[in-house]
Amino acid sequence: MSISLQSKLPNVGTTIFTTMSQLAQQHGAINLSQGFPDFDCPPELVDLVTEAMRAGFNQYAPSPGLPLLRQKISQKTQLLYGHLPNPDTEVTVTSGATEALFAAIAAVVQPGDEVLVLEPCYDSYVPAIELSGGVPVFVPLRFPDFSVDWQQVEEKLTQKTRLLIINSPHNPSGAVWQKEDLKALTQLTQKYPFLILSDEVYEHMVFDGQPHHSVLTVPALAERSFVVSSFGKTYHTTGWKVGYCIAPALLTTEFRKVHQYLTFSTATPLQHAIAAYLDNQEHYLTLPQFYQQKRDLFSSLLQPSKFELLPSAGTYFQLARYNQISALSDVEFSQWLTKEAAVAVIPVSVFYHNGQDNGVIRFCFAKKEDTLRTAAERLCQL
């Protein structure tokens with residue numbers, strides 16, 4: 001007797017990141033699509049991992065994370081945002097930020113709960129909501145600056161709203177929140193009892209002298225928020241999959257219930273290495289300048305091209321209009337660009353649930369200078 005299977009995620013297929021990376025390989029294209037660096041992490045960090053392995057730190061770490069690493073995370077959070085989470089009850093180390101996002105959603109979203117999602121958005125949010133039985137409610141960000149329409153957010157809030165997912169600096173647009181956004185969000189929390197999931201993985205990539213406005217800087221927001229960060233983004237080690245979540249004790253208790261059955265714990269030698277390397281504050285404090293130089297270089301190299309670059313205030317992404325080159329849809333144009341110009345990008349429409357196409361593509365500039373120069377040379381020939 002044949003079996004049948006009803007998919008729990010019927011609308012989910014291979015991610016666009018995998019698709020475009022595979023296409024880039026097939027055509028020998030420069031991969032500016034998936035968000036990962038093509039340069040190495042700090043060599044000291046590699047040495048620290050090796051030392052930890054040789055010292056025998058190769059068995060399970062405690063499920064919430066190594067106590068020393070959680071303590072260092074707490075101290076770093078206080079330094080940056082004036083918020084000191086309890087490392088024992090409010091900090092959890094996770095196997096990447098995506099695991100933390102999933103665990104937070106699974107911990108608090110019950111069947112039928114509504115979750116507000118600001119679009120365009122990172123592609124893991126909606127599947128996690130649906131797997132928990134939640135109902136995603138979409139609020140479009142204003143185009144082309146991708147600012148939040150707070151009046152529209154309030155219009156979508158109901159007594160069924162369990163969670164609001166926010167992301168600043170924002171993937172894919174590179175937009176960053178201002179103090180006014182935190183103020184508007186705080187005012188909404190005084191009217192409605194929703195929780196907040198704040199995706200802050202690009203916290204150290206905010207440009208032009210602007211600060212990162214974390215929800216942790218506002219006590220009224222911190223007390224109802226899961227805040228997710230990524231060592232993979234900060235230390236150029238996306239393949240290590242080490243992130244963390246800061247949340248008040250009540251939320252962390254539920255978060256850890258999911259986490260212990262999701263990944264249980266994260267690679268022990270990596271945690272030891274990161275705990276030691278966190279003493280090097282210079283790395284993350286100078287990261288904004290490091291990536292701003294790459295943004296500015298890439299922008300200057302594309303000035304002779306027919307692409308129209310949109311502002312990038314944070315992250316390591318650059319959006320661009322291509323209407324002076326082609327009338328194709330953004331998906332078709334991205335495929336054409338990979339095959340014909342040998343530069344792979346991401347179409348921004350894939351970050352919308354309804355495929356909204358504004359004729360914009362996303363470049364990742366977390367690349368070596370030579371990579372950016374070669375890619376720009378090809379793009380300027382279009």
query: If we scan the stretch 313-321, do we find a residue that is under 28 Å from PRO127 (Cβ atoms), in contact with a Gly (Cβ under 6 Å, 6 or more places away or on another chain) and either of a type in the set (Phe, Trp, Tyr) or without any contact (Cβ under 8 Å) to a residue 40 or more places away in the chain (or both)?
result: yes
- request: Could you tell me whether the stretch 45-56 includes any residue that is surrounded by fewer than 21 Cβ atoms within 10 Å (Cβ to Cβ), of a type in the set (Asp, Glu) and outside any helix (DSSP H, G or I)?
  value: no
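Collect the residues in the stretch 361-382 that are among the basic types (Lys, Arg) and either outside any helix (DSSP H, G or I) or on the phi > 0 side of the Ramachandran plot (or both), keeping them in residue-number order.
Answer for the stretch 361-382, where residues must be among the basic types (Lys, Arg) and either outside any helix (DSSP H, G or I) or on the phi > 0 side of the Ramachandran plot (or both): ARG362, LYS367, LYS368.
Matching residues to (1) surrounded by 14 or more Cβ atoms within 10 Å (Cβ to Cβ); (2) under 17 Å from PRO248 (Cβ atoms); (3) of a type outside the set (A, V, I, L, M, F, W, C); (4) in contact with a helix residue (DSSP H, G or I) (Cβ under 7 Å, 6 or more places away or on another chain):
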position	(1), (2), (3), (4)
GLN59	no, no, yes, yes
SER63	yes, no, yes, yes
LYS76	yes, no, yes, no
LEU79	no, no, no, no
task: Restricting attention to the stretch 180-211, report how many residues are in a loop (DSSP other than H, G, I, E, B) and crowded, with 20+ Cβ neighbours inside 10 Å.
output: 8
- request: For the stretch 165-202, enumerate the residues that are free of Cβ contacts under 8 Å to residues at least 60 places away in the same chain and over 21 Å from ILE129 (Cβ atoms).
  value: TRP177, GLN178, LYS179, GLU180, ASP181, LEU182, LYS183, ALA184, THR186, GLN187, GLN190, LYS191
message: Among the residues in the stretch 173-181, are any under 21 Å from ASN354 (Cβ atoms), in the same structural domain as SER63 (by TED's automatic domain parsing) and not acidic (Asp, Glu)?
response: yes
Pick from the stretch 231-270, criterion of a type in the set (S, T, N, Q) and farther than 29 Å from GLN289 by Cα, ranking: surrounded by the most Cβ atoms within 10 Å (Cβ to Cβ): THR266
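Has the stretch 322-345 got any residue that is within 22 Å of the chain's Cα centre (by Cα), under 28 Å from PRO136 (Cα atoms) and in contact (Cβ under 8 Å) with a residue 40 or more places away in the chain? Let's see the steps before the verdict.
Start the filter on the stretch 322-345 by keeping residues that are within 22 Å of the chain's Cα centre (by Cα), which leaves 330-331, 334, 344-345.
Pick out the ones that are also under 28 Å from PRO136 (Cα atoms) and you get 330-331, 334, 345.
Next, only the ones that are in contact (Cβ under 8 Å) with a residue 40 or more places away in the chain stay: 334, 345.
Looking for residues that are within 22 Å of the chain's Cα centre (by Cα), under 28 Å from PRO136 (Cα atoms) and in contact (Cβ under 8 Å) with a residue 40 or more places away in the chain, one finds at least one in the stretch 322-345, hence yes.
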query: Among the residues of the stretch 24-31, is there at least one that is in contact with a Lys or Arg (Cβ under 8 Å, 6 or more places away or on another chain), closer than 21 Å to TYR202 by Cα and either at pLDDT 90 or above or among the basic types (Lys, Arg) (or both)?
result: no
- request: Inspect the stretch 342-357 for any residue being among the charged types (D, E, K, R) and assigned to a helix (DSSP H, G or I) and give the result as yes or no.
  value: no
- request: Give the residue that is surrounded by the most Cβ atoms within 10 Å (Cβ to Cβ), with candidates limited to residues of the stretch 112-157 that are closer than 18 Å to THR186 by Cα and among the polar types (S, T, N, Q).
  value: SER147
task: Collect the residues in the stretch 61-87 that are charged (D, E, K, R) and more than 19 Å from SER225 (Cα to Cα), keeping them in residue-number order.
output: LYS72
- request: Check whether at least one residue in the stretch 159-168 is closer than 30 Å to LEU270 by Cα and not polar (S, T, N, Q), and report yes or no.
  value: yes
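The values are calculated or read from the model by the stated rules, or taken from the named source; none is laboratory data. Quick caveat, the model's predicted, so the values are computed rather than measured. So basically every Cβ, Gly included, is an ideal-geometry build from the backbone, and we count neighbours across all protein chains shown.
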